[in-house]
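Below is one structure, written out as structure tokens, with a few remarks after it.
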Amino acid sequence: MIAGKIIAGLLGLSVAGPVGVLIGVYIGHQFDKGLGGLRPMSAEQQAEVKERFFETVFGLLGHLAKADGRVSESEIALAEALMGKMGLTAPHRKKAIELFKSGTQSSFSIDASMDRFMAVCGRQNNLKRALLDYLVSLAIADGELHQAEQDVLRKIAGRLGFSPALFDKFIAMVKAQSQFKESGTGGGFRQPASADKLQAAYTALGVDSAQSDSQIKRAYRKLISANHPDKLIGQGMPEDMVKLATERTQEIQTAYELVVASRK
């Protein structure tokens with residue numbers, strides 16, 4: 001795609017001469033690059049993204065479970081529970097178990113796995129976020145994030161483009177969101193929340209109590225959009241893996257409702 005480069009280059013020439021051409025071509029390149037990312041994927045591309053996302057998730061889950069040197073029975077049970085929560089079909093569940101086992105092998109390489117993932121899914125920001133979300137969910141499922149697990153997650157997050165500060169914030173948000181599992185009220189909050197619960201709600205949204213209503217609402221909408229099942233499927237997430245994302249949107253919704261209620 002070169003239309004943006006040509007148009008911006010000509011505009012730059014008319015305004016600032018040769019130097020303007022260079023500036024215009026650069027701006028046009030960024031426009032073309034962004035426009036290219038908006039083009040819908042072909043059926044073949046979407047199938048490739050689905051396969052790569054699936055393989056990466058379960059391979060890394062196995063590697064994460066082995067982070068402390070061995071895979072315990074409880075870690076296997078947690079992984080199986082996570083697979084059940086995802087709502088995988090029987091064939092996908094069988095393949096997921098095989099991938100999980102391959103991730104526990106000493107020959108498994110995080111770098112090789114992430115290279116393959118980024119080559120196919122690197123432009124799908126919501127999928128990158130969802131990948132890290134799945135991994136963090138397993139790591140904290142036992143109520144504790146061990147140092148070895150955190151080291152693996154930090155390396156993966158770095159490959160996904162998360163800065164150390166953003167990774168720490170993401171971990172805190174996922175932990176907080178998990179406190180709102182199956183706790184939706186459906187009809188609003190009738191009793192004032194404890195200070196700890198309210199703080200968890202703010203953390204789940206990635207905001208603090210000093211921010212304005214509009215800022216908090218904007219953060220909430222951004223999170224809902226990033227975890228929206230239809231959007232994730234459109235970017236290439238397998239249809240039988242969106243259940244966890246659906247639960248995440250419910251947790252975010254509940255946290256937001258609590259914050260709104262506390263401000264009335």
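The values are calculated or read from the model by the stated rules, or taken from the named source; none is laboratory data. Just so we're clear, the structure is a prediction, and the values are computed from it rather than from any experiment. Don't worry about glycine lacking a Cβ; one is built from the backbone with ideal geometry, like all the others, and counts go over all protein chains shown.
Taking the criterion of being surrounded by fewer than 17 Cβ atoms within 10 Å (Cβ to Cβ) and more than 18 Å from residue 203 (Cα to Cα), the residues of the stretch 234-264 that qualify are 234, 239, 240, 243, 246, 264.
Are any of the residues in the stretch 187-197 within 22 Å of the chain's Cα centre (by Cα) and part of a helix (DSSP H, G or I)? Scanning the stretch 187-197, I find no residue that is within 22 Å of the chain's Cα centre (by Cα) and part of a helix (DSSP H, G or I), so the answer is no.
Residues checked against (1) within 22 Å of residue 56 (Cβ to Cβ); (2) more than 12 Å from the chain's Cα centre (by Cα):
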position: 134; (1), (2): yes, no
position: 154; (1), (2): yes, yes
position: 163; (1), (2): yes, yes
position: 179; (1), (2): no, yes
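Looking only at the stretch 127-135, decide whether some residue is closer than 25 Å to residue 172 by Cα and hydroxyl-bearing (Ser, Thr, Tyr). Can you show your working first?
Step one: filter the stretch 127-135 for residues closer than 25 Å to residue 172 by Cα, giving 127-135.
Filter once more, so that each one left must be hydroxyl-bearing (Ser, Thr, Tyr): 134.
Yes, the conditions are met somewhere in the stretch 127-135.
Can you find a residue that is in contact with a helix residue (DSSP H, G or I) (Cβ under 9 Å, 6 or more places away or on another chain), β-branched (Val, Ile, Thr) and modelled with pLDDT under 85 anywhere in the stretch 44-64? For the stretch 44-64, residues in contact with a helix residue (DSSP H, G or I) (Cβ under 9 Å, 6 or more places away or on another chain), β-branched (Val, Ile, Thr) and modelled with pLDDT under 85: absent.
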